[in-house]
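Undergrad: Following this message is one structure expressed as structure tokens.
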Amino acid sequence: MARATAAKAALGDRVFVLGHHYQRDEVIQFADVTGDSFKLAREAAARPDAEFIVFCGVHFMAESADILTTESQRVILPDLAAGCSMADMAVLGQVERCWDTLTDLGIADDVVPVTYMNSSADIKGFVGRNRGVVCTSSNAKRALTWAFEQGEKVLFLPDQHLGRNTAVLEMGLSLDDCVLYDPHKPQGGLTAEQLRAAKVILWRGHCSVHGRFTLDSVNDVRERVPGVNVLVHPECKHEVVTAADYVGSTEYIIKTIDAAPAGSAWAVGTELNLVRRIANAHPDKQIMFLDKTVCYCSTMNRIDLPHLVWALEELVAGRVPNQIVVDAATAADARVGLEQMLALP
Ligand code: 13P
Ligand code: SF4
């Protein structure tokens, strides 16, 4: 801990440390700003004076920060193995094949691609090239509303749950308006009629952490704790979100519990580091994990204090470790989708 403090002090304003809410306590204590992925993207874009952005989060977040910062700024991910299994579920070749299918069916011109922030820079570049938008869990409704003003259909990448939950629970579409496109099957495993009739084409991706909460988790906690408020992240399955009382991004989850009355009980369906931190911050409220069998996000957890100390000390020594660089052409396309997101009303 003393080494991290000393290295940060030696770097002064040259370094800015961003920490996602799912990071460990030992890391988050050194973050200059904490936030959900939307807030962190805005913070990265708003720090043109910091020579180094140390991103305590996962790879796709650091890529977005590199795209949104100036050319001279360097973005550092303290452990390059901090990826995201959901982001890995959509690769560019698969998405291009899907688009070719939609083109062959004569419907690509009606489709606006929307990608969740949790996707690679390649996918964001695809979306930017095809007049689409990036979204996060805190602005998915606004992004879909914008997309439906531009075209008749949406291709939503890569999280089927955020796409379905937003379309059905926030936009008033029906489950029948949505189809699930499986990139491992010819034509996504769908008929031409299904693709033509769909309003939302959901990519078959999911979060391995949030996907483990079930309807039983909700029913069990309601039985054990009468009057409990169930608060979940929109990456959870549709039946879980439908049965919950509140749904929103990590930032929303924190603010909702901050504003809750003392004595209230909350079962929270999101990553464990965040739920533990919220529970510690609110000893006057009863905060519990929605399902005890669900664990940390293993890739978020790869960023630990030794990795952060190493990255900061390398910078002090004049070396730039683990820099995340998105190539200029991809970055230019991806910036279109990201800036469209930042400009959403
Ligand atoms: P938030 O955008 O709510 O922070 O969630 C993103 C996420 O899942 C990080 O993995
Ligand atoms: Fe990816 Fe899920 Fe981990 Fe978020 S919590 S980084 S979506 S695997």
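The values are calculated or read from the model by the stated rules, or taken from the named source; none is laboratory data. A quick note: this is a predicted structure, and the numbers were derived from the prediction, not measured. Ideal geometry is used to build each Cβ from the backbone, glycine not excepted, and the neighbour counts take in all protein chains shown.
Undergrad: From the set of residues in region 215-274 that are among the polar types (S, T, N, Q) and under 21 Å from G205 (Cα atoms), which is farthest from ligand 1 (Cβ to nearest atom)? Before the answer, list the steps.
TA: Kept after step one, since they are among the polar types (S, T, N, Q), are these residues of region 215-274: 217, 219, 229, 242, 249-250, 256, 264, 270, 273.
If we keep only those that are under 21 Å from G205 (Cα atoms) as well, we get 242, 249-250, 270.
Numbers: T242: 19, S249: 3, T250: 4, T270: 8 Å.
In this case the residue turns out to be T242.
Undergrad: Sticking with this one: Please specify each residue of region 277-311 satisfying the condition of being in a helix (DSSP H, G or I), in contact with a helix residue (DSSP H, G or I) (Cβ under 9 Å, 6 or more places away or on another chain) and within 16 Å of ligand 1 (Cβ to nearest atom).
TA: Matches in region 277-311: R277, I278, M300, N301.
Here is a yes/no grid of residues against (1) within 16 Å of ligand 2 (Cβ to nearest atom); (2) of a type in the set (G, A, S):
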residue: D216; (1), (2): no, no
residue: V221; (1), (2): no, no
residue: E235; (1), (2): yes, no
residue: A281; (1), (2): no, yes
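Undergrad: Any idea which residue in region 17-37 is surrounded by the fewest Cβ atoms within 10 Å (Cβ to Cβ), counting only those that are of a type in the set (A, V, I, L, M, F, W, C) and away from ligand 1 (no atom under 15 Å from the Cβ)?
TA: Per the stated criteria, the residue is F30.
Undergrad: Then there is this: Restricting attention to region 154-171, does a residue exist that is more than 25 Å from V240 (Cβ to Cβ) and crowded, with 19+ Cβ neighbours inside 10 Å? Please lay out each step first, then the result.
TA: Narrowing region 154-171 to residues more than 25 Å from V240 (Cβ to Cβ): none.
The answer is no, given that none of the residues of region 154-171 is more than 25 Å from V240 (Cβ to Cβ) and crowded, with 19+ Cβ neighbours inside 10 Å.
Undergrad: Ok, one more. Filter region 56-85 for residues that are in a loop (DSSP other than H, G, I, E, B), in contact with a Lys or Arg (Cβ under 9 Å, 6 or more places away or on another chain) and of a type in the set (S, T, Y) and give the result.
TA: Correct list: T69 only.
Undergrad: Would you pick out the residues in region 247-271 that are modelled with pLDDT of 95 or more, touching a strand residue (DSSP E or B) at 6+ places or on another chain (Cβ under 7 Å) and assigned to a helix (DSSP H, G or I)?
TA: If the condition is that a residue be modelled with pLDDT of 95 or more, touching a strand residue (DSSP E or B) at 6+ places or on another chain (Cβ under 7 Å) and assigned to a helix (DSSP H, G or I), then I253, T256, I257 are the ones that fit.
Undergrad: Looking at (1) of a type in the set (A, V, I, L, M, F, W, C); (2) surrounded by fewer than 21 Cβ atoms within 10 Å (Cβ to Cβ); (3) touching a Phe, Trp or Tyr at 6+ places or on another chain (Cβ under 9 Å); (4) within 22 Å of D88 (Cα to Cα), which is the one condition that is false for V325?
TA: Going through the list (1) of a type in the set (A, V, I, L, M, F, W, C); (2) surrounded by fewer than 21 Cβ atoms within 10 Å (Cβ to Cβ); (3) touching a Phe, Trp or Tyr at 6+ places or on another chain (Cβ under 9 Å); (4) within 22 Å of D88 (Cα to Cα), V325 breaks only (3).
Undergrad: Would you confirm, using the coordinates I've provided, whether S208 is polar (S, T, N, Q), within 16 Å of ligand 1 (Cβ to nearest atom) and either in contact (Cβ under 8 Å) with a residue 40 or more places away in the chain or in contact with a helix residue (DSSP H, G or I) (Cβ under 6 Å, 6 or more places away or on another chain) (or both)?
TA: Details: polar (S, T, N, Q): yes; within 16 Å of ligand 1 (Cβ to nearest atom): yes; either in contact (Cβ under 8 Å) with a residue 40 or more places away in the chain or in contact with a helix residue (DSSP H, G or I) (Cβ under 6 Å, 6 or more places away or on another chain) (or both): yes.
So S208 fits the description; yes.
Undergrad: Can you tell me which condition E235 does not meet? The list is (1) assigned to a helix (DSSP H, G or I); (2) under 30 Å from G93 (Cα atoms), and all the others hold.
TA: Going through the list (1) assigned to a helix (DSSP H, G or I); (2) under 30 Å from G93 (Cα atoms), E235 breaks only (1).
Undergrad: Out of the residues in region 283-306 that are buried (at least 18 other Cβ atoms within 10 Å of the Cβ) and away from ligand 2 (no atom under 16 Å from the Cβ), state the one that is nearest to the chain's Cα centre (by Cα).
TA: For region 283-306, the residue satisfying everything is I287.
For (1) away from ligand 2 (no atom under 15 Å from the Cβ); (2) among the β-branched types (V, I, T); (3) touching a helix residue (DSSP H, G or I) at 6+ places or on another chain (Cβ under 8 Å); (4) under 24 Å from R24 (Cβ atoms), each residue gets a yes or a no:
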site	(1), (2), (3), (4)
M171	yes, no, yes, no
L180	yes, no, yes, no
Q187	yes, no, yes, no
R196	yes, no, no, no
A259	yes, no, no, no
T270	no, yes, yes, yes
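Undergrad: So, in region 86-145, how many residues would count as being assigned to a helix (DSSP H, G or I) and among the aromatic types (F, W, Y)? Steps first, answer last, please.
TA: Of all residues in region 86-145, those assigned to a helix (DSSP H, G or I) come to 87-89, 92-104, 108-110, 121-129, 140-145.
Still in the running and among the aromatic types (F, W, Y): 99, 126.
Number of matching residues: 2.
Undergrad: Could you please give the count of residues in region 312-331 that are in contact with a helix residue (DSSP H, G or I) (Cβ under 8 Å, 6 or more places away or on another chain) and either free of Cβ contacts under 8 Å to residues at least 12 places away in the same chain or more than 16 Å from ligand 2 (Cβ to nearest atom) (or both)?
TA: The initial filter retains those residues of region 312-331 that are in contact with a helix residue (DSSP H, G or I) (Cβ under 8 Å, 6 or more places away or on another chain), namely 312-313, 315-316, 320-322, 324-326, 329-331.
With the extra rule that they be either free of Cβ contacts under 8 Å to residues at least 12 places away in the same chain or more than 16 Å from ligand 2 (Cβ to nearest atom) (or both), the set shrinks to 312-313, 315-316, 320-322, 325-326, 329-331.
Counting residues in region 312-331 that are in contact with a helix residue (DSSP H, G or I) (Cβ under 8 Å, 6 or more places away or on another chain) and either free of Cβ contacts under 8 Å to residues at least 12 places away in the same chain or more than 16 Å from ligand 2 (Cβ to nearest atom) (or both) gives 12.
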